[in-house]
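Asker: Questions regarding the structure given below will be posed in turn.
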Amino acid sequence: MSRWTPDARGRLEQAAYELFLHYGYDQTTVADIAEQAGLTERTFFRHYADKREVLFGGADALQDELLRALAEASSTLPTIEAVRVAVEAMTSLFHGRRAHARERQRIVAANPDLQERELIKRASLTSALAQALQQRGIAEPAASLAADIGIGVFYVGFVRWLTDPADRELVDIVHEGFDQVKAVASGN
């Protein structure tokens, strides 16, 4: 095996997904992933802390995009509109990745430990958003409630997007979700 190969991270991710889907997450080892990718275990650990991170390595990028968009949102926007802007911006990271997201969802859904890790990721996003809202001057509990609503809309929209028969973009489904929240809040 060569010491340097282009796109090692991408090859490792592809190999991991193939093995997770074929053999199951628990039955797949780091050695299996590295071998499938034509790389060494050492190379794997240069890119990922463990095999779980192949599935959750993008969490930081999601949070960064969420917080960046919120920071850039106009300070004159109502809180829930600022949250909408931030959450909708986060959906851009999924553009063109529906098939990949479906595979990932199948892997996570088949393993309780991964489901737990997904809930931790969701809680981390919610907490980060609530803290950022507080920095914008939104008091508690309004900041936490708005963050819970926003991240909840994202996750409900994400699940709908994976199976949407019309193949709509995630941003459109999330936007619709925020409209539905507004309708519920206004008593409609």
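Asker: On the given criteria, is Ala34 aliphatic (A, V, I, L, M), closer than 30 Å to Val85 by Cβ and at pLDDT 95 or above? Show your work before the answer.
Answerer: Working: aliphatic (A, V, I, L, M): yes; closer than 30 Å to Val85 by Cβ: no; at pLDDT 95 or above: yes.
So Ala34 does not fit the description; no.
Asker: Now for a different question. Taking Thr43 as the residue in question, decide whether it is farther than 17 Å from Tyr155 by Cβ, buried (at least 18 other Cβ atoms within 10 Å of the Cβ) and among the hydroxyl-bearing types (Ser, Thr, Tyr). Working first, answer last.
Answerer: Working: farther than 17 Å from Tyr155 by Cβ: yes; buried (at least 18 other Cβ atoms within 10 Å of the Cβ): yes; among the hydroxyl-bearing types (Ser, Thr, Tyr): yes.
It is true that Thr43 is farther than 17 Å from Tyr155 by Cβ, buried (at least 18 other Cβ atoms within 10 Å of the Cβ) and among the hydroxyl-bearing types (Ser, Thr, Tyr).
Asker: Taking the stated definitions as given, is His100 surrounded by fewer than 13 Cβ atoms within 10 Å (Cβ to Cβ), of a type outside the set (Ser, Thr, Tyr), closer than 20 Å to Arg160 by Cα and in the same structural domain as Thr163 (by TED's automatic domain parsing)? Give the derivation first.
Answerer: Details: surrounded by fewer than 13 Cβ atoms within 10 Å (Cβ to Cβ): no; of a type outside the set (Ser, Thr, Tyr): yes; closer than 20 Å to Arg160 by Cα: yes; in the same structural domain as Thr163 (by TED's automatic domain parsing): yes.
No: the conditions fail for His100.
Asker: Moving to a separate point now. Those residues that are in contact (Cβ under 8 Å) with a residue 60 or more places away in the chain and closer than 21 Å to Leu125 by Cβ, I need them from the range 159-181; list them, please. Working first, answer last.
Answerer: Pass one, the range 159-181, residues in contact (Cβ under 8 Å) with a residue 60 or more places away in the chain: 161-162, 167, 169-171, 174-175, 178, 181.
Selection gives Trp161, Leu162, Glu169, Leu170, Val171, Val174, His175, Phe178, Val181.
Asker: Of all residues in the range 22-37 being surrounded by fewer than 19 Cβ atoms within 10 Å (Cβ to Cβ) and touching a helix residue (DSSP H, G or I) at 6+ places or on another chain (Cβ under 7 Å), which is nearest to Asn111 (Cα to Cα)?
Answerer: Going through the range 22-37, the residues surrounded by fewer than 19 Cβ atoms within 10 Å (Cβ to Cβ) turn out to be 22-24, 26-27, 29-32, 35-36.
In the following step, the residues that additionally are touching a helix residue (DSSP H, G or I) at 6+ places or on another chain (Cβ under 7 Å) were identified as 30-32, 36.
Numbers: Val30: 17, Ala31: 20, Asp32: 18, Gln36: 22 Å.
In this case the residue turns out to be Val30.
Asker: Kindly evaluate Asp64 against the criterion of being over 16 Å from the mean Cα position of the chain (by Cα), assigned by TED's automatic domain parsing to the domain that holds Asp172 and either surrounded by fewer than 16 Cβ atoms within 10 Å (Cβ to Cβ) or not small (Gly, Ala, Ser) (or both). Quick ask: steps written out before the conclusion?
Answerer: Details: over 16 Å from the mean Cα position of the chain (by Cα): no; assigned by TED's automatic domain parsing to the domain that holds Asp172: yes; either surrounded by fewer than 16 Cβ atoms within 10 Å (Cβ to Cβ) or not small (Gly, Ala, Ser) (or both): yes.
In short, no.
Asker: Can you pull out the helices (runs of 4 or more DSSP H) entirely within the range 86-188 that have at least 1 residues that are under 21 Å from Glu53 (Cα atoms), among the small types (Gly, Ala, Ser) and out of contact with any helix residue (DSSP H, G or I) (no Cβ under 6 Å at 6 or more places or on another chain)? Step through it out loud before you land on a result.
Answerer: Details: elements: 98-109, 112-135, 142-163, 170-185.
Here the list reads 98-109, 112-135.
Asker: Answer yes if at least one residue in the range 79-93 is surrounded by fewer than 18 Cβ atoms within 10 Å (Cβ to Cβ), out of contact with any Leu (no Cβ under 7 Å at 6 or more places or on another chain) and of a type in the set (Asp, Glu), and no otherwise.
Answerer: Yes, because at least one residue in the range 79-93 is surrounded by fewer than 18 Cβ atoms within 10 Å (Cβ to Cβ), out of contact with any Leu (no Cβ under 7 Å at 6 or more places or on another chain) and of a type in the set (Asp, Glu).
Asker: Another one. Taking the conditions exactly as written (within 21 Å of Glu118 (Cα to Cα), charged (D, E, K, R), outside the structural domain of Leu119 (by TED's automatic domain parsing) and modelled with pLDDT of 95 or more), does Glu41 satisfy them or not? Walk me through how you get there before you give the answer.
Answerer: On the way: within 21 Å of Glu118 (Cα to Cα): no; charged (D, E, K, R): yes; outside the structural domain of Leu119 (by TED's automatic domain parsing): yes; modelled with pLDDT of 95 or more: yes.
For Glu41, the condition - within 21 Å of Glu118 (Cα to Cα), charged (D, E, K, R), outside the structural domain of Leu119 (by TED's automatic domain parsing) and modelled with pLDDT of 95 or more - is not met.
Asker: Would you check which residues across the range 53-75 are free of Cβ contacts under 8 Å to residues at least 40 places away in the same chain, outside any helix (DSSP H, G or I) and farther than 20 Å from Ala15 by Cα and list them?
Answerer: Ala73, Ser74, listed by residue number.
Asker: Taking only pairs six or more apart or across chains, which ones have beta-carbon atoms under 6 Å, a first residue in the range 35-52 that is on the phi < 0 side of the Ramachandran plot, and a second residue that is part of a loop (DSSP other than H, G, I, E, B)?
Answerer: Thr40/Met1
Asker: Let me ask something additional. For Ala34, only one of the following conditions fails: (1) in a loop (DSSP other than H, G, I, E, B); (2) farther than 23 Å from Arg122 by Cβ; (3) of a type in the set (A, V, I, L, M). What is its number?
Answerer: Among (1) in a loop (DSSP other than H, G, I, E, B); (2) farther than 23 Å from Arg122 by Cβ; (3) of a type in the set (A, V, I, L, M), Ala34 violates only (1).
Asker: Conditions: (1) within 15 Å of the chain's Cα centre (by Cα); (2) assigned to a helix (DSSP H, G or I). Val83 meets all but one. Number of the miss?
Answerer: Answer for Val83: the failing condition is (1).
The values are calculated or read from the model by the stated rules, or taken from the named source; none is laboratory data. Computed from a prediction, not measured in an experiment: that's the story for all the values here. Don't worry about glycine lacking a Cβ; one is built from the backbone with ideal geometry, like all the others, and counts go over all protein chains shown.
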